[in-house]
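Working notes, beginning with the structure itself.
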Amino acid sequence: MEIVYWILAGILALAFLAAGLTKLTKSAEQMQEMGMMPASRSIGAQRGIGAVEVLGALGLILPPLTGIAVILAPIAAVGLVITMILAIIDHKKRNEPFTGALGLGVVSIAVAVIGFMVWA
């Protein structure tokens, strides 16, 4: 099960790290052109979402990698599940596609469950 955790958590961490770093480093105009930021959202809110995504990605990998407080890894996955639930709600309110957020949410659930089985 630990191998399955590392595969899923690694893929999930890369996805959230890429999305989060983009939200932290690109300008509002660049993100709007990329379709990553609605015009009605403030840049501060977007940066906050990016920070949550980056911290979640690091939380999936660093605790088990270092062996320190490994229970934080599945807890980080639960945090990402909550983030994706909020993303789905936001996308639905804006009549935008939400399949990406749904997919990441499902994988986050799997990582959380497997993480609790392996690390708890």
- Item | Residue identified as of a type outside the set (Val, Ile, Thr) and part of a helix (DSSP H, G or I) among MET31, MET36 | MET31
- Message: Name the residue that is surrounded by the fewest Cβ atoms within 10 Å (Cβ to Cβ), counting only residues in the range 57-87 that are touching a Leu at 6+ places or on another chain (Cβ under 6 Å) and either of a type in the set (Ser, Thr, Tyr) or over 12 Å from ALA112 (Cα atoms) (or both).
- Response: PRO63
- Item | Residue match in the range 19-34 (condition: touching a residue at least 40 places away in the same chain (Cβ under 8 Å) and closer than 22 Å to GLU96 by Cβ) | no
- Per-region count, the range 19-56, residues farther than 18 Å from THR83 by Cα, of a type in the set (D, E, K, R) and surrounded by 15 or more Cβ atoms within 10 Å (Cβ to Cβ): 1
- So how many residues does the range 81-115 have that are of a type in the set (Lys, Arg) and not in a helix (DSSP H, G or I)? 1
- Task: Mind listing whichever residues of the range 1-18 are free of Cβ contacts under 8 Å to residues at least 60 places away in the same chain, of a type in the set (Gly, Ala, Ser) and surrounded by 15 or more Cβ atoms within 10 Å (Cβ to Cβ)?
- Result: ALA13
- Restricting the first residue to the range 39-61 and requiring it to be of a type in the set (Asp, Glu), which pairs with a second residue that is buried (at least 21 other Cβ atoms within 10 Å of the Cβ) and in a helix (DSSP H, G or I) meet a Cβ separation below 6 Å and a spacing of at least six or different chains? GLU53/PHE16; GLU53/GLY20
- Take the range 52-110 and flag every residue that is within 10 Å of the chain's Cα centre (by Cα), hydroxyl-bearing (Ser, Thr, Tyr) and more than 24 Å from SER40 (Cβ to Cβ). SER108
- in a helix (DSSP H, G or I), small (Gly, Ala, Ser) and touching a Lys or Arg at 6+ places or on another chain (Cβ under 8 Å): does that describe GLY50? yes
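Throughout, read-outs are computed from the coordinates displayed, never taken from laboratory work. Remember, predicted model here, so these are calculated numbers, not experimental data. With ideal geometry, Cβ positions are generated from the backbone for all residues, glycine too; neighbour counts draw on all protein chains shown.
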